[in-house]
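J.: So that we are looking at the same thing, I have put the structure below in structure tokens.
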Amino acid sequence: MPVKRAPSPCSDAQSPGGQALLARTLDGVRDSAILSFNGGAVMVDAWQSRSRCRMDLTAMRRPPRANEVLASVKIRAISGCFHREHSPQAYRTIDSYIDSLEPGELNCAFQEHESGPELLVYLAATTAGVTLAKGVIELITAIIKARREGIRSGDEPRSTLRLIIRRTLRDGSFQEEEAMELETHSPEDIAAIERSLLVAAARLLRESAEAENEEKCSRGPQPSG
């Protein structure tokens with residue numbers, strides 16, 4: 001798919017006209033992060049100031065199903081950077097991996113940041129526990145492997161990676177949990193990565209629910225009618 005630049009729709013996302021623009025922008029425009037829910041591909045701007053908007057865009061493109069919770073998984077360099085400019089070998093491998101997937105197979109949003117990639121994913125939360133799609137775990141493992149192999153091929157940034165999972169609460173605030181740290185010279189252990197992510201995700205959902213309950217209680221009973 002050809003890469004096109006488009007103005008960000010985030011600033012007007014709540015207006016009817018803004019939502020129409022979102023719908024058009026979400027239809028095949030690539031700008032800075034791949035959204036591949038339902039086989040579509042779109043790029044969206046800016047992490048820090050527009051992170052809530054990006055989550056809203058993702059939910060609009062593929063609304064959550066029953067028991068699903070939208071979350072962000074960040075693969076962050078603890079110092080320095082992990083982005084395309086300084087890790088070209090790693091990103092060449094990451095690009096190749098994503099391009100090899102069938103439409104809809106990725107089932108998450110991929111966002112590039114200077115400190116490292118971010119994935120917007122759906123957690124499946126049930127009474128039995130929390131699960132993540134197999135393809136998401138495999139992509140995370142592929143990114144970590146690409147970092148290690150990129151360093152062997154000459155990429156300069158070499159710091160440890162930190163795996164973080166976070167979500168936004170109803171009031172717009174963030175909560176996050178650190179899943180694990182990954183030494184770039186160590187082989188990838190997909191079972192350990194999945195286990196650490198799911199433990200952190202369960203902790204995150206539990207703490208998020210507690211925070212939202214506390215916030216609801218602080219408001220007191222709401223008038224009916």
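J.: Could you check how many residues of the stretch 113-140 are among the β-branched types (Val, Ile, Thr) and in contact with a helix residue (DSSP H, G or I) (Cβ under 8 Å, 6 or more places away or on another chain)? Walk me through how you get there before you give the answer.
T.: From the stretch 113-140, those among the β-branched types (Val, Ile, Thr) are 121, 126-127, 130-131, 136-137, 140; that's our starting set.
So of that shortlist, the ones also in contact with a helix residue (DSSP H, G or I) (Cβ under 8 Å, 6 or more places away or on another chain) come out as 121, 130-131, 137, 140.
Result for the stretch 113-140: 5.
J.: Among the residues of the stretch 119-142, which ones are closer than 15 Å to SER87 by Cβ and either crowded, with 23+ Cβ neighbours inside 10 Å or not assigned by TED's automatic domain parsing to the domain that holds VAL73 (or both)? Before the answer, list the steps.
T.: Of the stretch 119-142, the ones closer than 15 Å to SER87 by Cβ are 142.
Correct list: empty.
J.: Exactly one of these conditions fails for SER153: (1) within 24 Å of ALA200 (Cα to Cα); (2) at pLDDT 90 or above. Give me its number.
T.: The one condition SER153 does not meet is (1).
J.: Oh, and also: Listed residues PHE37, PHE82; which is at pLDDT 75 or above and either surrounded by fewer than 17 Cβ atoms within 10 Å (Cβ to Cβ) or among the hydrophobic types (A, V, I, L, M, F, W, C) (or both)?
T.: PHE82
J.: Restricting attention to the stretch 168-197, report how many residues are closer than 19 Å to ALA59 by Cβ, loosely packed, with under 14 Cβ neighbours inside 10 Å and of a type in the set (Ser, Thr, Tyr).
T.: Count: 1.
J.: Can you tell me which residue among THR184, THR131, THR141, THR127 is among the β-branched types (Val, Ile, Thr) and closer than 15 Å to ALA77 by Cβ?
T.: Details: THR131 fails: closer than 15 Å to ALA77 by Cβ; THR141 fails: closer than 15 Å to ALA77 by Cβ; THR127 fails: closer than 15 Å to ALA77 by Cβ.
Of the residues listed, the single one that is among the β-branched types (Val, Ile, Thr) and closer than 15 Å to ALA77 by Cβ is THR184.
J.: If you scan the stretch 57-74, which residues turn out to be in a strand (DSSP E or B), surrounded by fewer than 21 Cβ atoms within 10 Å (Cβ to Cβ) and hydrophobic (A, V, I, L, M, F, W, C)?
T.: Within the stretch 57-74, the subset in a strand (DSSP E or B) is 68-74.
With surrounded by fewer than 21 Cβ atoms within 10 Å (Cβ to Cβ) added as a condition, the list becomes 68-70.
Correct list: VAL69, LEU70.
The values are calculated or read from the model by the stated rules, or taken from the named source; none is laboratory data. Here the structure is a predicted model, which means the values were calculated and not measured. Every residue, glycine as well, gets a Cβ built from its backbone with ideal geometry; the counts of neighbours run over all protein chains shown.
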